[in-house]
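Read the structure below first, then the notes.
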Amino acid sequence: MENTLVKDVKENLLRGQYIRAINYHNTHFVDQGKLERELKYYQQNFSPVSKEDLEEFFVTKEWKKEKPGLIISMFEAYRNNYDVALPLLEKYGFIGWYHIITDFVDTPVPLQKEFAKNHSIDIDQFDEYSHDGRYAMTWDEVREVAKNHVICSHTRSHYRISLDTPEEVMKREIVESKTILEEKLQQEVDIFCWLGGAQFNQNPVAADIIKNAGYRYLFGNSKIHRIAL
């Protein structure tokens, strides 16, 4: 016989009592029509998820909207996430969860292409910003996004944290990225997602740093972790 937890999960899925997450990286102009079709489909079948919605779901174990929830994440702070994705998210009533690499935003425009190449940030498939060389969002654009959407830390430099990463590097990527975002936005940033999407407990040292930094959630590849206070 299946255990109670498995049974509850099945029943919640059948009733639409769940939140799904989907990740985007580049949202190129050439794919604008495709993205709009996808968002139109999402609008018909899913509900937007705010940070307050996510917290209520964790606390009550109930999803109270008519349609299942959908978290739409935009990774890296690509300029096209602002130019292409943001207007479409707002047209179809969704909340974007923007995972920002702070050093990418801070990199001077003439150096952004080289920075991207050296930090596993893909910009070469469609070189749509070759006319001016700016591939990252500006801080003014991040602040504009933050008015109606969720800002999350995706490290300072897109560094892949591992078990043997020095603690000072972990703190730079985890703690300093949060500090920079909060100073730039003048609001709390309590969601973290590291490169690779590892689970919270796979790296005990990093987990302690994340918790002590004041993060409330960690986005992993297979689940969203709510970090106990």
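Note on region 182-229: residues that are within 18 Å of Val145 (Cβ to Cβ), open to solvent by 20 Å² or more (accessible area, probe 1.4 Å) and part of a loop (DSSP other than H, G, I, E, B) amount to 3.
Among the residues of region 125-155, what is the count of those that are under 21 Å from Ser73 (Cα atoms) and exposed (fewer than 11 other Cβ atoms within 10 Å of the Cβ)?
As a first pass, look at region 125-155 and keep what is under 21 Å from Ser73 (Cα atoms): 125-126, 135-155.
Right, trim to exposed (fewer than 11 other Cβ atoms within 10 Å of the Cβ) and you get 125, 140, 147.
Of the residues in that region, 3 qualify.
Looking across region 93-106, the residues that are within 14 Å of Thr155 (Cα to Cα) and not charged (D, E, K, R) come down to Tyr98, His99, Ile100, Ile101, Thr102, Phe104, Val105. Scanning region 132-161 for residues that are closer than 30 Å to Asn203 by Cβ and either over 21 Å from the mean Cα position of the chain (by Cα) or in a loop (DSSP other than H, G, I, E, B) (or both) turns up Tyr135, Met137, His149, His154, Thr155, Arg156, Ser157, His158, Tyr159, Arg160, Ile161.
Does Glu168 satisfy being open to solvent by less than 70 Å² (accessible area, probe 1.4 Å), free of Cβ contacts under 8 Å to residues at least 40 places away in the same chain and of a type outside the set (A, V, I, L, M, F, W, C)? It would help to see each step written out before you state the result.
Working: open to solvent by less than 70 Å² (accessible area, probe 1.4 Å): no; free of Cβ contacts under 8 Å to residues at least 40 places away in the same chain: yes; of a type outside the set (A, V, I, L, M, F, W, C): yes.
So Glu168 fails the test.
When Gly69 is tested against (1) open to solvent by 20 Å² or more (accessible area, probe 1.4 Å); (2) more than 30 Å from Phe115 (Cα to Cα), only condition (1) is not met. In region 40-61, the residue that is nearest to the chain's Cα centre (by Cα) out of those that are exposed (fewer than 11 other Cβ atoms within 10 Å of the Cβ) and assigned to a helix (DSSP H, G or I) is Glu52.
Taking the listed residues Asp8, Asp83, Asp53, Asp31, the one that is closer than 22 Å to Ile224 by Cα, charged (D, E, K, R) and modelled with pLDDT of 95 or more is Asp53, with no other qualifying.
Working carefully through the options Leu218, Leu229, find the one that is among the aliphatic types (A, V, I, L, M) and either over 18 Å from the mean Cα position of the chain (by Cα) or over 20 Å from Ala77 (Cβ atoms) (or both). Before you say what the answer is, go through the steps one by one.
Numbers: Leu218 fails: either over 18 Å from the mean Cα position of the chain (by Cα) or over 20 Å from Ala77 (Cβ atoms) (or both).
The match here is Leu229.
The values are calculated or read from the model by the stated rules, or taken from the named source; none is laboratory data. Given the structure is predicted, the values throughout are model-derived calculations rather than measurements. All Cβ positions, glycine included, derive from the backbone under ideal geometry; neighbour counts span all protein chains shown. For the accessible areas, the whole protein counts, side chains as well, though only heavy atoms, and no ligand, DNA or RNA atoms are used. Shrake-Rupley method; radii C 1.70, N 1.55, O 1.52, S 1.80 Å.
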